[in-house]
Each structure stands twice: as structure tokens, then as C-alpha cells.
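Below is one structure, written out as C-alpha cells, with a few remarks after it.
The values are calculated or read from the model by the stated rules, or taken from the named source; none is laboratory data. Just so we're clear, the structure is a prediction, and the values are computed from it rather than from any experiment. Cβ sites come from the backbone with ideal geometry, for glycine too, and all protein chains shown count toward neighbours.
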Amino acid sequence: MIGTVARIVLGVLFLASGALKLRDSSWPGAALAMGTPRWSVPLVAPVEIVLGASLAAGAVRPWPAWLALGLLAAFSIALLAALRRPIAERPACACFGRWSAKPVGAGSLVRNAVLTALAVLAVL
């Protein structure tokens, strides 16, 4: 039961994140400022949407939860790299498009830790 709720919540959050990125014309620039490789910028939002839909629907379990763990690990590494920059030079996270346009901070890592915990519960 807890794993199912975690999977659905994580799926909805990935769906929202991908959709909000697609709606935000400034997101590609924010992704590049975070250090996202140029080739992958157009792929991030669609991957999040497909992954979110797979999680929410419970499709091909547990693979979407494992993929979410991998993606969250990659995002966390990017956040850690951004946190190493001086505060004045930290880029906007834009993890949820303009809705999360604040500069990267400790809260960004806490959010990813919570999402990672949800992914772990979804795997179990």
C-alpha cells in the first residue's frame, strides 16, 4: 500500500515537472546554466513525462521506479555541483519550470532526498 502511494505521488510529481518544463520557454537556458549537456536538454521533459505516466499507471513495475532513482541521482549530482558555486553565481533550479525558479540551495537537495525516498518505497 505505501509503495503504491509512493509510486503514484512520484509519478504525478514527475509528470508535473516535465509538463512545467515544456511550458517554460526559459527552461532550456536554465538547464544549460545548471550544467545539463546540450544534447540532453530537449529530452529531459519528455523523459520525465513518460516516466511519470509509467509510475502513476503502475506500468512494467518496478522498472520506472528504478529509472526514477537513477534520474534523481543524476539530478542530485547536478545540484551538488551547482551548490559548490559561490551563492551569487548559483543558477535557478527550474526543476519545476518557473514554479521553482529560485537559485539552487540546500532545499533543492532536501526535495531530491524526499523524492528519492519515495522512489525507494516505490521499488520495494
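Val41 meets the conditions (1) assigned to a strand (DSSP E or B); (2) over 21 Å from Leu10 (Cβ atoms); (3) hydrophobic (A, V, I, L, M, F, W, C) in every case but one. The failed one is (1). Considering the conditions (1) assigned to a helix (DSSP H, G or I); (2) surrounded by 13 or more Cβ atoms within 10 Å (Cβ to Cβ); (3) over 13 Å from the mean Cα position of the chain (by Cα), Ala78 is excluded by exactly one of them, (3). Checking the condition in a loop (DSSP other than H, G, I, E, B) and either surrounded by 14 or more Cβ atoms within 10 Å (Cβ to Cβ) or among the β-branched types (Val, Ile, Thr) (or both), which residue from Arg61, Arg85 passes? On inspection, the qualifying residue turns out to be Arg61.
Residues in region 40-55: is at least one more than 12 Å from the chain's Cα centre (by Cα), at pLDDT below 95, surrounded by 18 or more Cβ atoms within 10 Å (Cβ to Cβ) and not β-branched (Val, Ile, Thr)? No - not one qualifying residue is present in region 40-55. Screening Gly97 against (1) of a type outside the set (D, E, K, R); (2) modelled with pLDDT under 95; (3) surrounded by fewer than 15 Cβ atoms within 10 Å (Cβ to Cβ); (4) over 24 Å from Ile2 (Cβ atoms) leaves a single unmet condition, (3). Evaluating Met1 against the criteria (1) more than 14 Å from the chain's Cα centre (by Cα); (2) surrounded by fewer than 17 Cβ atoms within 10 Å (Cβ to Cβ); (3) at pLDDT 90 or above leaves one unmet condition, (3). For region 24-51, name all the residues that are without any contact (Cβ under 8 Å) to a residue 40 or more places away in the chain, among the β-branched types (Val, Ile, Thr) and within 26 Å of Leu83 (Cα to Cα). Listed by number, the residues that qualify are Val41, Val44, Val47. Cβ-Cβ contacts under 7 Å between residues 6 or more apart (or on different chains), taken from a first residue in region 61-82 that is within 14 Å of Thr116 (Cα to Cα) and free of Cβ contacts under 8 Å to residues at least 40 places away in the same chain to a second residue that is among the basic types (Lys, Arg) and surrounded by fewer than 20 Cβ atoms within 10 Å (Cβ to Cβ), are absent. Tally time: how many residues in region 4-23 are surrounded by 18 or more Cβ atoms within 10 Å (Cβ to Cβ) and either more than 18 Å from Leu72 (Cβ to Cβ) or free of Cβ contacts under 8 Å to residues at least 40 places away in the same chain (or both)? The total comes to 1. Among residues of region 15-36 being part of a loop (DSSP other than H, G, I, E, B) and not polar (S, T, N, Q), the one that is nearest to Ala101 (Cα to Cα) is Asp24.
Kindly indicate whether any position in region 24-31 is crowded, with 16+ Cβ neighbours inside 10 Å, among the aliphatic types (A, V, I, L, M) and on the phi < 0 side of the Ramachandran plot.
yes
This table checks each residue for (1) in contact with a Gly (Cβ under 6 Å, 6 or more places away or on another chain); (2) within 23 Å of Leu22 (Cα to Cα); (3) basic (Lys, Arg).
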position	(1), (2), (3)
Ala57	no, yes, no
Gly70	no, yes, no
Ser76	no, yes, no
Leu83	no, no, no
Ala88	no, no, no
Ala101	no, yes, no
Arg111	no, yes, yes
Val114	no, no, no
